[in-house]
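Participant: Take a look at this one; I'll ask things after.
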């Protein structure tokens, strides 16, 4: 299967690598660790959520009392980052995952 | 609060050890050990380093055999693992020679019960020369000291220590948007030496400063919160 990949995959590669190693994570934490803007991380994790790769895993409380969504990776397919291209292309299993429409939970 | 990765003295010593490891001269072995109590950010720090540089992160499991470990390494390097152990080892070596990457092995003290597994890592390092970092819990150095050949190859041993007062100060300077007086820093250090707890205190200090429009937060202000 050939899929045209976008240029921005470097960031996604980093994010994917990090969330694979962490058990639970929130967007904030990942964006600090990989040094990528919050909005990019948030968008990518939401795309992963829509394709069923991560799922919400409760909330965590921050220092200022605000609550944050925690995520957990449930489909750890391999070292290559799945890439969104209308649906989500996973280079590890060379397959496309359907993106289902979900209501915003984040 | 600024959202940055705060560089504590632990992080700095890790980064300088990694730099020395990557730029080492011929003949100096390229293995390194990183250990410390849980919750000091060993994993986060390595992941942060991995994101900026080329690194492969492997988390070991208690039941891991040599074959399983090799399988995991090969998969992580981006190849489909073959069936036989000899082929797996060759695959790993080929991948590492083709594109040298630093290997991080988390929870390495799990492997300490089995000499064959841990010596496989040493073989991998000896045949390819890629830097290899073992990450372990507290006392990991003592557990691994039994393996003399392995221990000799650790050219850098980094121990993560709980935050010192100087660390709290530098974290506050990097993350906090208000200035903390010296006594406030030592007060926070007395209350918390884990990173996460320190951040909670910094949040408190910031909200106090905001509410009272202070330029600098002192111990008296911080103690006032408790009542």
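None of the figures in this text is laboratory data; all of them are computed from the coordinates on show. Since we're looking at a predicted model, the values are computed, not measured. No Cβ is skipped: glycine too gets one built from the backbone with ideal geometry, and neighbour counts run over all protein chains shown.
Participant: Output needed: percent of Cα pairs per 20 Å distance bin for the protein assembly as shown, bins running from 0 to the one holding the longest distance.
Facilitator: 28, 53, 19, 0
Participant: So how do A:93, B:135 line up by other beta-carbon neighbours within 10 Å, fewest first?
Facilitator: A:93, B:135
Participant: For segment A:7-97, compute the orientation-averaged projected area of the C-alpha convex hull (one quarter of its surface), in nm².
Facilitator: Across all orientations, segment A:7-97 yields a mean hull projection of 5.7 nm².
Participant: Rounded to whole Å, give me the distance from the Cα center of segment B:83-136 to that of segment B:1-60.
Facilitator: 18 Å
Participant: Need one value for A:69-80: mean number of C-beta atoms belonging to other chains within 10 Å of its residues' C-beta atoms.
Facilitator: Mean partner-chain Cβ count within 10 Å for A:69-80: 1.
Participant: Got a sec? How would A:13, B:25, B:177 order by Cβ neighbour count within 10 Å, fewest to most? Please report the intermediate quantities before stating the final value.
Facilitator: Working: A:13 16, B:25 6, B:177 11.
In order of increasing Cβ crowding within 10 Å: B:25, B:177, A:13.
Participant: Next question, about the same structure. Pairing the Cα long axis of helix B:66-76 with the longest principal axis of chain B, what angle in degrees results, from 0 to 90 and rounded to the nearest 10?
Facilitator: So the helix axis and the longest Cα principal axis differ by about 70 degrees.
Participant: Related question: Under a point spin-label approximation (7 Å from Cα along Cα-to-Cβ), what is the residue B:61-residue A:13 distance to one decimal in nm?
Facilitator: Reported label-point gap for residue B:61 and residue A:13 is 2.8 nm.
Participant: Now for a different question. Between residue A:93 and residue B:23, what is the FRET efficiency for a Förster distance of 51 Å, r being their Cβ-Cβ separation, to the nearest 0.05? Mind dumping the intermediate values first?
Facilitator: Values: r = 38 Å, r/R0 = 0.74.
So the FRET efficiency works out to roughly 0.85.
Participant: Once you put a point 7 Å from the Cα of residue B:68 and another 7 Å from the Cα of residue A:35, both along the Cβ direction, what distance in nm separates them?
Facilitator: Here the modelled spin labels are 3.5 nm apart.
Participant: What is the Cα coordinate range of segment B:77-227 on the first, second and third principal axes, sorted by size from largest, in whole angstrom?
Facilitator: Principal extents (largest minus smallest coordinate, Cα): 68, 32, 24 Å.
Participant: In peptide B:133-139, what is the residue-averaged number of other protein chain Cβ atoms found within 10 Å of each Cβ? Could the numbers behind the result be given before it?
Facilitator: Numbers: counts 0, 0, 0, 0, 0, 0, 0.
Neighbouring Cβ atoms belonging to other protein chains average 0 per residue here.
Participant: So between residue B:4 and residue B:159, what do we pick up on full extension, going 0.36 nm a residue minus the alpha carbon distance?
Facilitator: Once the chain is fully extended between residue B:4 and residue B:159, it gains 53.5 nm.
Participant: Report, in degrees rounded to the nearest 10, the 0 to 90 angle that the Cα long axis of helix B:182-191 makes with the longest principal axis of chain B.
Facilitator: On a 0 to 90 degree scale, this one is about 60.
Participant: Using a 10 Å cut-off around each Cβ of peptide B:180-193, what is the average number of partner chain Cβ atoms that fall inside?
Facilitator: Numbers: counts 0, 0, 0, 0, 0, 0, 0, 0, 0, 0, 0, 0, 0, 0.
Mean partner-chain Cβ count within 10 Å for B:180-193: 0.
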